[in-house]
Amino acid sequence: MKTRGRIYFIVTTLLILFLSYVLVNGLTLGDYQVKPLSKIVKLGLDLKGGVYVEEEIVDQNVSKDTIERTRDLIELRVNSLGVSEPIVAITGSNRIRVEIPGIYDPKAALEQIGKTGRLRFVGPNNDEIITGKDVKDATVGVDQRTNAPVVQLKLNQEGAKKFAEATQKYLGKQIAIYMDEDLVSAPTVQSVIPDGEAIITGSKNVEEAKRLAGIIKSGALPVKLNPATIRAIGPALGAEAIPTSLKAATIGIALVMLFMLLYYRIPGLIADLALMVYMIITALVFTVVIKATLTLPGIAGLLLSIGMAVDANVLIFERIKEELKLGKSLRTAIDAGFRRAFTSILDSNVTTLIAGFVLFFIGTGAVKGFALTLIIGVLSSMFTAITVTRFLLKSFVNAGWIANSKFYGA
């Protein structure tokens, strides 16, 4: 039993330390690379800076499908700006929240996402050939002859018929593309398009082609929008908040670990290892599984859940101390301590989870970020306190290195 306990404890401890190192520093093995946590975490608007817009749907009695369609179209328009990791989400019953990192001009953002828009293809005689409803898809491709970026246009059956007639009529002439009254592009008809699959050339670069394709594909919004909230957030806040938050988190975690080690001794050491497991699990779930966006309230929720993770261990260790004072053996005291502390841990965490879920489903924006990180943290802390701490502590006791109950808090 001693040999098995020592192997379990040593291997588990080394694995925890290794995973902690990889999360902080990353790892490179030949062509395979694991990026450090700082490189894969997505930062929210309050940390990265950008434009925050809440668009309110003016129309009454709009169906859920229409709202979702509007959200999808706005997302297409935002993506056509070329920004990375924008957020477009439905908020409440009649609002759509748009967060665009890296862009700090609210007016330019509104011009792209907020207008109702009517897409039209117009001939030289100012006659309307097709509209946005005739467009099936628009993607970016490459001209095989020149390697220049192009927009690949696909039309539905009705649009293809009208477009075939127009391209035959206006061969060698320009067909202008308008969004409302704004001229988007004016390509020249180089050949007759009979099948509804055209290529629009003339884009200077890929970004311009993406923008044109996004506008054509998004077409017209099915509802009228009114900007209810517009806010530009500079990058200076994130530049100051991130290092400050990291410093606060490092100091806080170090003090918590030191306190646990000095006050509870061997169980405190086990709690510190379990806390590292908790942080590993939380980080992986947050960045890899659900790919959540980290915000300042989210950081607050993570730090709060770290304190709660230690709190569960405190309940367990105090129960173990009580059992040891009654004269029970170390193994018996540990089993009884975990068993009797479980109800208190479950009650406290369930009440916190209830509050977290209420905040998540009723709250908006930053409140949702706080609630999400709190929920993930509480679930991770319950797992580590009940399973990881128990496994490590029993493995250490079975190893037989230290059997004196004084080193276990008695």
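Mean sequence separation of contacting Cα pairs (under 8 Å, at least six apart), scaled by the length of the chain, corresponds to a relative contact order of 20 percent.
How would you rank Arg4, Arg71, going from fewest to most other Cβ atoms within 10 Å of each one's own Cβ?
On the way: Arg4 11, Arg71 18.
Lowest count first: Arg4, Arg71.
Note down the magnitude of the dipole of segment 119-206 about its Cα centre, charges +1 on Lys and Arg C-beta and -1 on Asp and Glu C-beta and zero elsewhere, to the nearest 20 debye.
Working: 10 positive and 12 negative charges, 49 e Å.
Here the size comes out at about 240 debye.
Since only Met179, Ile402, Val223 are under comparison, the one whose Cα sits farthest along the positive direction of the charge dipole of the chain, derived from C-beta charges on Lys, Arg, Asp and Glu, is Ile402. Ordering Lys328, Lys406 by the number of other Cβ atoms within 10 Å of each residue's own Cβ, fewest first, gives Lys406, Lys328. Calculated FRET efficiency, Leu284 to Lys204, Cβ-Cβ distance, R0 = 56 Å: about 0.85 to the nearest 0.05.
With helices as the sole contributors, the chain gives -18000 deg cm²/dmol at 222 nm; each DSSP H run of n ≥ 4 counts as -39500 (n - 2.57), and the sum is divided by every residue.
Take every Cα pair under 8 Å in segment 119-206 that's 6+ residues apart, average their separations, divide by the length, and report that relative contact order as a whole percent. It comes to 33 percent, rounded to a whole number.
State the extension gain, in nm to one decimal, for the chain segment bounded by Ile7 and Thr351, taking 0.36 nm per residue of separation less the distance between their alpha-carbons.
Working: separation 344, 0.36 × 344 = 123.84 nm, distance 3.79 nm.
Additional length available on full extension: 120.1 nm.
Between the helical axis of 296-325 and the dominant principal axis of the chain, each derived from Cα atoms, what acute angle in degrees is found, rounded to the nearest 10? Computed tilt is about 20 degrees.
When the square roots of the Cα gyration tensor eigenvalues are ordered a ≥ b ≥ c, the ratio a/c for segment 119-206 is under 1.5, which makes its shape rounded. Among [x] 45; [y] 31; [z] 23, find the value of percent of Cα pairs over 37 Å apart that was calculated from the structure presented, and write down its label. Computed from the coordinates, percent of Cα pairs over 37 Å apart corresponds to [x].
Our coupling estimate for segment 270-278, obtained by passing each phi through the Karplus curve with A = 6.51, B = -1.76, C = 1.60 and θ = phi - 60°, is 5, 5, 5, 5, 5, 5, 5, 4, 4 Hz, Gly and Pro reported as x.
Simple spin-label estimate for Lys64 and Thr28 gives 5.0 nm between the two label positions (7 Å along the Cα-to-Cβ direction from each Cα).
What you get for the chain, charging only the Cβ of Lys and Arg (+1) and of Asp and Glu (-1), is a dipole of about 1780 debye around the Cα centre.
None of the figures in this text is laboratory data; all of them are computed from the coordinates on show. As the structure is a prediction and not an experimental result, all values here were calculated from the model. Reconstructed Cβ throughout: ideal geometry from the backbone, glycine too, with neighbour counts over all protein chains shown.
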